[in-house]
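Novice: Structure provided below as structure tokens; questions to follow.
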Amino acid sequence: MKQIYLIPEYGNMERSLELAAEYGCAFEYNDFFLPGILDAPKEQEKIIQYYAKYRTDFSEDTLHGAFLDVTVHSSDPLIRQVSELRVHQTMEIAKRMGVRGVIFHTGRLAGFRVAHYLKQWLEMNLAFFAKLAEEYPGQQIFMENMFDEAPDVLAELAQQMAERTAGFGICLDYAHAALTGCAQEEWIRALAPWTRHMHINDNDLENDLHRPVGTGRIDWRHYQELMDAYDITATVLVEVSGYEAQKKSLEFMRRNGIYPLCGKEHE
């Protein structure tokens, strides 16, 4: 299993493959989460066939699921119905391609800590994603922190999901976590037991900028200390777009021994 992932450039796959070969990367596809694509089966097939010209096996790759306005925990049944449809559409694409996992967002209202809301979020996500994991045993489901202010609610979901299925895990977005008032170590400590995939990029600690790793204010030495301290073995997407930004990130990570570009296997 490859440990580091890139977002491939649709229409310029040759450069993506070149960089992936140099650093031993798999791919995470960001082509299928927009409503316009989810409503266009012919366009979906066109995109899949484009990647299939270069990839005969997608089983190490991942795919970002629908997340725009997706709220499977909504108290409004119509919103919930559309949200569930978008999730299922994404899972069908993932099954068609044969990727190993699909990333979804928590969809929580940022900072809204009313007890009834948190209870509803937990119970409805638990029921929905446990059933989804049963429906799609060939794909893992990874839940990503987005605007969550702390890891506690997501950790509770992961713990309860672990009692129901082996097909669910956490996608810890380290850059999103850096924008909260909660310490990075607390995020890692709380979610480490269920973290199977990660997203990393850089920012100014105020905005979600998706800058190349090493060009913002995130402390990457501290990141590496946390990876070591909590024995993190998750796969990692360098979540920046474009060849130059990706190459700059990978060069920085290799030069500084940043997980997963560290250890003897990457020397």
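The values are calculated or read from the model by the stated rules, or taken from the named source; none is laboratory data. All values derive from a computational prediction rather than experimental measurement. Cβ sites come from the backbone with ideal geometry, for glycine too, and all protein chains shown count toward neighbours.
Novice: Out of curiosity, is Leu126 touching a helix residue (DSSP H, G or I) at 6+ places or on another chain (Cβ under 6 Å) and under 28 Å from Gly214 (Cα atoms)?
Specialist: Values: touching a helix residue (DSSP H, G or I) at 6+ places or on another chain (Cβ under 6 Å): yes; under 28 Å from Gly214 (Cα atoms): no.
No.
Novice: Right, next: Taking the residues in segment 93-113 that are of a type in the set (Val, Ile, Thr) and touching a helix residue (DSSP H, G or I) at 6+ places or on another chain (Cβ under 7 Å) as candidates, determine which candidate is surrounded by the fewest Cβ atoms within 10 Å (Cβ to Cβ). So that I can check it myself, show each step before the final result.
Specialist: In the first step, residues of segment 93-113 are kept if they are of a type in the set (Val, Ile, Thr); the result is 93, 99, 102-103, 106.
Those still in the list that are touching a helix residue (DSSP H, G or I) at 6+ places or on another chain (Cβ under 7 Å) too: 93, 102, 106.
Details: Ile93: 25, Val102: 27, Thr106: 19.
Within segment 93-113, the match that is surrounded by the fewest Cβ atoms within 10 Å (Cβ to Cβ) is Thr106.
Novice: Regarding segment 186-202, can at least one residue be identified that is touching a residue at least 12 places away in the same chain (Cβ under 8 Å), part of a loop (DSSP other than H, G, I, E, B) and surrounded by fewer than 18 Cβ atoms within 10 Å (Cβ to Cβ)?
Specialist: Initial filter on segment 186-202 (touching a residue at least 12 places away in the same chain (Cβ under 8 Å)): 186-202.
The next check asks that each one be part of a loop (DSSP other than H, G, I, E, B); those that pass are 201.
The next check asks that each one be surrounded by fewer than 18 Cβ atoms within 10 Å (Cβ to Cβ); those that pass are none.
No, segment 186-202 contains no residue that is touching a residue at least 12 places away in the same chain (Cβ under 8 Å), part of a loop (DSSP other than H, G, I, E, B) and surrounded by fewer than 18 Cβ atoms within 10 Å (Cβ to Cβ).
Novice: Same structure again: Pull out all pairs, ordered by first then second residue, where Cβ-Cβ is under 6 Å, the residues are six or more apart or on different chains, the first lies in segment 80-94 and is in contact (Cβ under 8 Å) with a residue 60 or more places away in the chain, and the second is surrounded by 21 or more Cβ atoms within 10 Å (Cβ to Cβ) and not in a helix (DSSP H, G or I).
Specialist: Going by the 6 Å Cβ cut-off, the qualifying pairs are Ile93/Phe32.
Novice: Going through segment 47-98 one residue at a time, which ones are within 24 Å of Val238 (Cβ to Cβ) and not in a loop (DSSP other than H, G, I, E, B)?
Specialist: Those that are within 24 Å of Val238 (Cβ to Cβ) and not in a loop (DSSP other than H, G, I, E, B): Ile47, Ile48, Tyr50, Tyr51, Ala52, Thr62, Leu63, His64, Thr90, Ile93, Ala94, Met97.
Novice: I need the full set of residues from segment 16-30 which are assigned to a loop (DSSP other than H, G, I, E, B) and within 15 Å of Gly242 (Cβ to Cβ), in order please.
Specialist: Pass one, segment 16-30, residues assigned to a loop (DSSP other than H, G, I, E, B): 24, 30.
Listed by number, the list holds a single entry, Asn30.
Novice: Have a look at His64, His116 and point out the one that is buried (at least 21 other Cβ atoms within 10 Å of the Cβ) and over 17 Å from Gly167 (Cβ atoms). Please lay out each step first, then the result.
Specialist: On the way: His116 fails: buried (at least 21 other Cβ atoms within 10 Å of the Cβ).
Answer to the check: His64.
Novice: I'm trying to understand the selection: among the residues of segment 237-250, which are in contact with a helix residue (DSSP H, G or I) (Cβ under 9 Å, 6 or more places away or on another chain) and not in a loop (DSSP other than H, G, I, E, B)? Before you say what the answer is, go through the steps one by one.
Specialist: Step one: filter segment 237-250 for residues in contact with a helix residue (DSSP H, G or I) (Cβ under 9 Å, 6 or more places away or on another chain), giving 238-240, 243, 246-247, 250.
Matches in segment 237-250: Val238, Tyr243, Gln246, Lys247, Leu250.
Novice: Any idea how many residues of segment 148-176 are touching a Lys or Arg at 6+ places or on another chain (Cβ under 7 Å) and either closer than 12 Å to Trp194 by Cβ or modelled with pLDDT under 95 (or both)?
Specialist: 2
Novice: Go through segment 119-147 residue by residue and tally those that are at pLDDT 95 or above, more than 13 Å from Val72 (Cα to Cα), surrounded by 15 or more Cβ atoms within 10 Å (Cβ to Cβ) and not β-branched (Val, Ile, Thr).
Specialist: Of all residues in segment 119-147, those at pLDDT 95 or above come to 119-146.
Now restrict to residues that are more than 13 Å from Val72 (Cα to Cα): 119, 133-142, 144-146.
Then drop every residue that is not surrounded by 15 or more Cβ atoms within 10 Å (Cβ to Cβ), which leaves 133, 136, 139-142, 144-146.
Imposing the further condition that a residue be not β-branched (Val, Ile, Thr) reduces the set to 133, 136, 139-140, 142, 144-146.
Summing the residues that are at pLDDT 95 or above, more than 13 Å from Val72 (Cα to Cα), surrounded by 15 or more Cβ atoms within 10 Å (Cβ to Cβ) and not β-branched (Val, Ile, Thr) in segment 119-147 gives 8.
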